[in-house]
1. Based on this model, can you work out whether residue 47 counts as within 52 Å of the chain's Cα centre (by Cα), of a type outside the set (S, T, N, Q) and either at pLDDT 90 or above or surrounded by 13 or more Cβ atoms within 10 Å (Cβ to Cβ) (or both)?
2. Kindly establish whether residue 416 is of a type outside the set (S, T, N, Q) and touching a helix residue (DSSP H, G or I) at 6+ places or on another chain (Cβ under 6 Å).
3. Could you tell me which numbered condition residue 546 fails, if it satisfies all but one of (1) crowded, with 16+ Cβ neighbours inside 10 Å; (2) at pLDDT 90 or above; (3) not in a loop (DSSP other than H, G, I, E, B)?
4. For segment 191-208, give me each residue that is in a loop (DSSP other than H, G, I, E, B) and under 17 Å from residue 127 (Cβ atoms).
5. When you scan segment 164-180, how many residues do you find that are surrounded by fewer than 14 Cβ atoms within 10 Å (Cβ to Cβ) and either part of a helix (DSSP H, G or I) or modelled with pLDDT of 70 or more (or both)?
6. Output the residues belonging to segment 152-163 that are assigned to a loop (DSSP other than H, G, I, E, B) and either among the small types (Gly, Ala, Ser) or modelled with pLDDT of 85 or more (or both).
7. Kindly check whether there is at least one residue in segment 270-281 that is basic (Lys, Arg), out of contact with any Cys (no Cβ under 9 Å at 6 or more places or on another chain) and assigned by TED's automatic domain parsing to the domain that holds residue 236.
8. Any idea which of 86, 92, 113 is loosely packed, with under 11 Cβ neighbours inside 10 Å, of a type outside the set (A, V, I, L, M, F, W, C) and out of contact with any helix residue (DSSP H, G or I) (no Cβ under 8 Å at 6 or more places or on another chain)?
Amino acid sequence: MEMEREARFKGKFYFLIIQFFLVVVFIGMITFPLYAQENDLCMDCHGDKDLTGKNAKGKEISMYIDIDRFNNSVHGDLSCIDCHTDLEGMEDEHPEELKPVNCRKCHEESYKDYKKSVHAKPGGGGASCKDCHGYHYIVPNDNFDSPVFIMNIEKTCDKCHADVAFVQEHAGIPNRILPGIIYKNSVHGRAVAEGRPDAATCNDCHGSHDIEGPNSPTSKIYRLNVSKTCGQCHPKIQEEYDESVHGVAAKQGIGDSPVCTDCHGIHSIKSPIDPKSSVAEQRIAKTTCPRCHAAERINDEYAISTARVKTYRGTFHGLANIGGEIKSANCASCHGVHDIRRSSDPKSSINKKNLVKTCGKCHPGASEKFANIPVHFAPSLAPKSTGEIVIKIVRIFYIFFIIFLIGLMFLHNLIDFLHKLIIKAREKGPYFLRWSIDERVQHALLGITFIILVISGFALKYSGAWWVKPIIKLEGGMAIRAIVHRVAGVIQILLGLYHLYYISYTKRGREHLKALIPTFKDIKDAIKMVKYNLGLSKEKPVFGKYNYVEKMEYIGVIWGTIIMAATGFILWFEKEAALILPQWGFILARTIHFYEAVLATLTIAVWHMYSVVFNPDIYPMNFVKITGKLTKHEMEEEHGLEFEKMKKEGKIKE
């Protein structure tokens with residue numbers, strides 16, 4: 001009986017299993033047609049390739065759905081109403097505007113990350129799920145066709161971040177840069193282009209759904225998190241940096257302490273062997289380290305010596321590096337790259353116990369004494385060691401000795417110069433008056449104001465030059481420079497106006513002006529002079545009161561004074577000028593003012609100085625600007641036509 005009861009129980013159990021299986025199959029048979037019917041119902045319209053509609057911005061877009069592509073997507077087993085939930089139960093045409101698709105229903109964790117990202121901030125305009133992943137044809141992330149596949153990420157982000165109009169429109173996005181464009185030329189961008197799967201792309205550094213701004217403490221690009229972010233690919237370097245003087249300072253909240261991006265860049269990171277890289281051997285000591293270690297504010301704030309960069313540049317290593325010798329030791333050669341430590345740290349490459357090894361990398365066999373030669377030596381006002389005292393004594397000796405010896409040399413030459421000037425002035429005549437006192441004063445004022453304008457003008461353009469430093473150190477510095485420059489400019493303009501009066505309303509001035517007017521003879525004289533100097537002709541040109549060289553100089557002075565005065569006033573009274581000139585007018589005036597100054601300076605240095613100083617016929621100097629007179633020999637040699645004219649007029653007696 002018991003066996004019979006057990007057999008009946010087993011039969012009922014098997015019957016229940018068969019019933020359950022049939023129910024499951026039946027439900028599946030019912031739901032599949034429902035799924036197919038639901039999608040088929042949608043495809044009655046959306047299967048039409050010509051179907052269009054309007055998006056939220058009113059732009060006409062295609063509403064066609066390729067059902068085959070959809071079925072092959074990651075959502076291919078879902079029905080339309082699984083995402084478009086407000087269509088459930090509708091059989092007729094649905095409203096034109098549907099509720100936005102809510103991906104949160106299936107992707108809760110990703111949604112939570114997204115909601116705290118910069119893209120989800122109030123105000124709109126941020127990227128949503130569909131902007132990065134697509135709409136109906138979403139494929140797995142490791143699929144080549146996915147917009148978020150490693151090779152496609154940068155292109156996907158560029159849809160917004162390389163669009164100038166978009167970047168400028170949305171607050172919070174820097175409108176001065178286009179990261180995607182810069183990234184393409186970086187070491188990471190090139191690695192992606194080469195197909196390297198381990199190359200860093202946008203989401204590796206910024207995150208995927210949880211992208212936050214640099215000021216958020218939980219952001220991957222927050223200053224204190226940068227080394228950790230970079231450490232995803234560079235773990236050993238991160239470990240070295242975190243233990244370095246920079247890494248420790250950054251963790252302690254010192255915002256000025258450099259992180260990876262301060263030295264390497266952000267989107268523009270280049271290989272260290274690229275000469276354009278900020279960490280290339282050519283640039284480390286020139287620009288990268290000095291950005292902090294030559295910055296007065298940072299040095300004062302953290303009590304760091306301000307002489308580190310200056311003293312390095314004065315050494316053999318520094319001078320060779322500045323000269324372009326990349327093999328010469330730079331900052332990283334001695335201090336390390338990522339593992340920079342205090343000199344008191346036993347692990348530091350510049351710790352006294354490690355100096356022999358450090359120097360030995362370039363100087364095999366370096367002794368302990370050699371390794372301990374000071375690199376960043378700066379003379380102390382209160383020397384303590386024997387070496388410092390001896391060096392200070394030698395420096396003081398040489399300074400005074402140079403002043404004394406060179407002073408004697410200068411005094412000797414000055415006495416000799418004045419003696420010869422007196423002898424020349426007492427030479428027996430005849431003498432011919434070239435310039436009157438009035439004319440010599442005009443020339444002196446022109447020369448003095450020109451020199452002042454050149455020095456004070458270029459001091460602004462090249463404010464970092466060594467010869468400008470004494471000007472900057474004066475009380476008032478650049479403000480005084482500006483006043484001196486403008487006063488000299490006004491004096492030169494007034495001098496120009498007086499000269500205009502002189503050549504217009506005085507007999508002597510009109511004679512000078514008439515003689516200074518260029519003629520075709522000047523062109524012939526220039527050609528003849530070149531041929532004569534080259535030995536192609538034995539005929540030397542004979543000049544009148546002024547030769548072609550002097551006429552060119554005179555025209556140059558007039559031309560330059562007018563241009564420099566006009567542009568100078570524009571730069572001086574920029575607010576008033578802006579009311580008249582176009583927006584680019586001020587920049588144009590500044591450009592003309594600079595290049596005209598260069599032209600004038602070089603003209604004086606090359607053309608005028610040869611004529612009045614370095615010409616062997618008159619060396620060491622043309623004394624007309626001092627005495628106003630020419631000897632008979634000088635008249636015959638330089639102004640033969642004028643000399644003959646004076647003879648005919650009886651002004652010269654044989």
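1. On the way: within 52 Å of the chain's Cα centre (by Cα): no; of a type outside the set (S, T, N, Q): yes; either at pLDDT 90 or above or surrounded by 13 or more Cβ atoms within 10 Å (Cβ to Cβ) (or both): yes.
No: the conditions fail for residue 47.
2. Working: of a type outside the set (S, T, N, Q): yes; touching a helix residue (DSSP H, G or I) at 6+ places or on another chain (Cβ under 6 Å): no.
When the stated conditions are applied, residue 416 does not pass them.
3. (3)
4. Of the residues in segment 191-208, the ones in a loop (DSSP other than H, G, I, E, B) are 194-201, 207-208.
Passing the criteria: 201, 207, 208.
5. The total comes to 4.
6. Taking segment 152-163 as the starting set, the residues that turn out to be assigned to a loop (DSSP other than H, G, I, E, B) are 152, 162-163.
Residues satisfying the conditions are 152, 162.
7. Step one: of segment 270-281, the residues basic (Lys, Arg) are 270, 276.
Filter again for out of contact with any Cys (no Cβ under 9 Å at 6 or more places or on another chain), leaving 270, 276.
If we keep only those that are assigned by TED's automatic domain parsing to the domain that holds residue 236 as well, we get 270, 276.
Among the residues of segment 270-281, at least one is basic (Lys, Arg), out of contact with any Cys (no Cβ under 9 Å at 6 or more places or on another chain) and assigned by TED's automatic domain parsing to the domain that holds residue 236, which makes the answer yes.
8. Values: 86 fails: loosely packed, with under 11 Cβ neighbours inside 10 Å; 113 fails: loosely packed, with under 11 Cβ neighbours inside 10 Å.
Of the residues listed, the single one that is loosely packed, with under 11 Cβ neighbours inside 10 Å, of a type outside the set (A, V, I, L, M, F, W, C) and out of contact with any helix residue (DSSP H, G or I) (no Cβ under 8 Å at 6 or more places or on another chain) is 92.
The values are calculated or read from the model by the stated rules, or taken from the named source; none is laboratory data. In this text, all values refer to a predicted model and were calculated from it rather than measured experimentally. Cβ atoms come from the backbone with ideal geometry, glycine included; neighbour counts cover every protein chain shown.
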